[in-house]
Amino acid sequence: MTWIVVRARSNVKVEHSIRETMDYLNLTRVNHAVIIPENAQYKGMLQKAKDYITWGNADVGLVEKMITERGRLMGDKPITDEYVNENTDFASIKEFAAAIVAGDATVKDLPEMKRVFRLHPPVGPKGWGGLKRSFVVGGALGARGDEISALVERMI
């Protein structure tokens with residue numbers, strides 16, 4: 001399994017250890033997203049920074065869309081099926097996305113790909129939905145499960 005993690009709040013008045021944790025996750029700015037594998041180390045990092053980020057389970061269609069539309073190579077070049085075919089064992093972005101979600105590959109497996117996806121702020125009347133409350137009480141922070149897809153769709 002794989003998680004999609006999105007940063008929702010800024011660094012203002014954040015404890016130093018939480019700021020470091022978000023840096024380790026490559027979440028240096030608001031509206032940045034990363035795709036990380038599901039393991040105990042990352043789960044601890046997510047719990048530490050839960051008041052500043054939101055995360056949920058990745059699905060193949062969403063990861064493919066993120067890589068196609070918001071993924072960038074060094075030099076701010078877009079990622080294409082040809083580049084993925086030439087530089088990995090996968091024939092297309094769709095196959096690469098499926099391998100990422102299954103846990104057989106990571107974003108690091110594509111050379112020169114930036115690990116951070118720069119997203120737009122959420123579109124729609126709800127926006128983030130409250131940056132100081134947990135998702136379970138109607139806010140934007142913490143674990144979302146499969147509901148991360150709706151948020152990221154509005155941000156792409």
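For the chain, take the alpha-carbon Rg, divide it by the Kirkwood Rh, and send me Rg/Rh.
Working: Rg = 15.1 Å, Rh = 15.8 Å.
Ratio value, two decimals: 0.96.
For the range 28-35, backbone phi angles converted through the Karplus equation (6.51, -1.76, 1.60; θ = phi - 60°) give residue-by-residue couplings of 8, 9, 5, 6, 8, 10, 9, 10 Hz, Gly and Pro being listed as x.
Where only DSSP H runs of four or more residues are counted, the chain gives -10000 deg cm²/dmol as its mean residue ellipticity at 222 nm, each run worth -39500 (n - 2.57). Taking amide H atoms as placed 1.01 Å from N in the peptide plane, the amide H of Ala105 lies under 5 Å from those of Ile100, each 5 or more residues away in sequence or on another chain.
Grab the other residues whose beta carbon is less than 12 angstrom from that of Asn11, score K and R as +1, D and E as -1, and report the net. Once all neighbours under 12 Å are counted, the net charge is +2.
Rounded to the nearest 20 debye, the dipole magnitude of the range 1-151 is 1040 debye, with +1 charges on Lys and Arg beta carbons, -1 on Asp and Glu beta carbons, and the Cα centre as origin. For the range 118-128, 3J(HN,Hα) computed residue by residue from phi via the Karplus equation (6.51, -1.76, 1.60; θ = phi - 60°) reads 8, 9, 7, x, x, 8, x, x, 7, x, 6 Hz, glycine and proline entered as x.
Within the chain, what is the longest stretch that has no GluC sites (Glu not before Pro) placed in a DSSP loop and near at most 16 other beta-carbon atoms within 10 Å? Present the calculation step by step, with values, prior to reporting the outcome.
Values: sites that count: Glu15, Glu38, Glu112, Glu147.
It runs 39-111.
Once the dipole of the range 25-115 is set up with Lys and Arg at +1 and Asp and Glu at -1 on Cβ about the Cα centre, which of Gly75, Leu46, Ile100 lies farthest towards its positive end? So the residue furthest toward the plus end is Leu46. Beyond 23 Å between alpha-carbons counts as too far, so tell me which of Lys43/Lys126; Lys65/Lys108; Lys13/Lys108; Lys94/Lys114; Lys50/Lys94 fall in that bin. Flagged as over cut-off: Lys43/Lys126; Lys13/Lys108; Lys50/Lys94.
Quick note: the coordinates plus some simple rules give every number you see, no bench work behind them. Computed from a predicted model, the values in this text were never measured in an experiment. Cβ atoms come from the backbone with ideal geometry, glycine included; neighbour counts cover every protein chain shown.
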